[in-house]
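Trainee: My structure is below; once you've seen it, I'll send some questions.
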Amino acid sequence: MDDLIKGRLGGESGYDIRCVIDGDTIRGRAGGKLHGKDIDLEITERGVQGSVGTDSVKIELTDGELKGHVGSQTLVLRGVDRVTGFMGEPIVGWNVVAQQSGEKLSGQLGSTVLGRPFELELGSAPGWVGTLVAVVAFYALEPRASVSVKG
């Protein structure tokens, strides 16, 4: 039986997220038909790999943390039900905080003022999977999230 992760990133002015989990595969879409990106991820023995739109996703479990890249951005996530982490570089990055309560996940990407809140229904998926889907969607649809700044 397939599980569904669905919800919204960015409140009323944001966009929908809808993904199906089939075994170790997560497939879906962030955004709508005109402005959206496909999400295709696979949970492996070492982490998660796949794509969002035309960008690659590769994250590995190292020292109890998921570390890797979503497109051009570095990502670090810690935790299962309460997830914290960071995407981007130290000066121009986004904090990640999420809390699972039953089958619901709520969290924030970035600061309270300039960031994006998210609310997802997880089905039986753990909080870290929902948080990863939210981060990947944020990267895919927020222009400021996919820009790489090199000094």
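Trainee: Find the Rg to Rh ratio for the stretch 26-88, where Rh is the Kirkwood radius over alpha-carbon pairs and Rg uses the same atoms.
Mentor: Rg/Rh for the stretch 26-88 comes to 1.00.
Trainee: Counting only protein heavy atoms and a 1.4 Å probe, tell me what percentage of the chain's accessible area is made up of carbon and sulfur.
Mentor: 52 percent
Trainee: Translational diffusion coefficient of the stretch 84-127 at 25 °C, 0.890 mPa s, Stokes-Einstein with Kirkwood Rh over Cα pairs, in µm²/s as a whole number.
Mentor: Estimated via Stokes-Einstein, D reaches 221 µm²/s.
Trainee: Largest first and to the nearest Å, give the Cα extent of the chain along each principal axis.
Mentor: Per principal axis, max minus min of the Cα coordinates gives 48, 37, 30 Å.
Trainee: When only Cα pairs under 8 Å and 6 or more residues apart are kept, what is the percent relative contact order across the chain?
Mentor: 20 percent
Trainee: So for the stretch 29-110, taking the charge dipole from beta-carbon charges (+1 Lys/Arg, -1 Asp/Glu), which of Gly85, Ile39, Leu109 sits furthest toward the positive end?
Mentor: Going by the charge dipole, the pick is Leu109.
Trainee: For the chain, what is the mean residue ellipticity at 222 nm derived from helices alone (per DSSP H run of n ≥ 4: -39500 (n - 2.57); sum divided by total residues; nearest 500 deg cm²/dmol)?
Mentor: -3500 deg cm²/dmol
Trainee: State in Å² the accessible area per residue of the chain; use a 1.4 Å probe, count heavy atoms of protein chains only, and round to the nearest integer.
Mentor: Result: 54 Å² per residue.
The values are calculated or read from the model by the stated rules, or taken from the named source; none is laboratory data. Bear in mind that the values here come from a model prediction, so they are computed numbers and not experimental data. Cβ coordinates were reconstructed from backbone atoms using ideal geometry, including for glycine residues, and neighbour counts include every protein chain displayed. Surface accessibility is based on the protein's heavy atoms, side chains included, excluding ligands, DNA and RNA. Shrake-Rupley method; radii C 1.70, N 1.55, O 1.52, S 1.80 Å.
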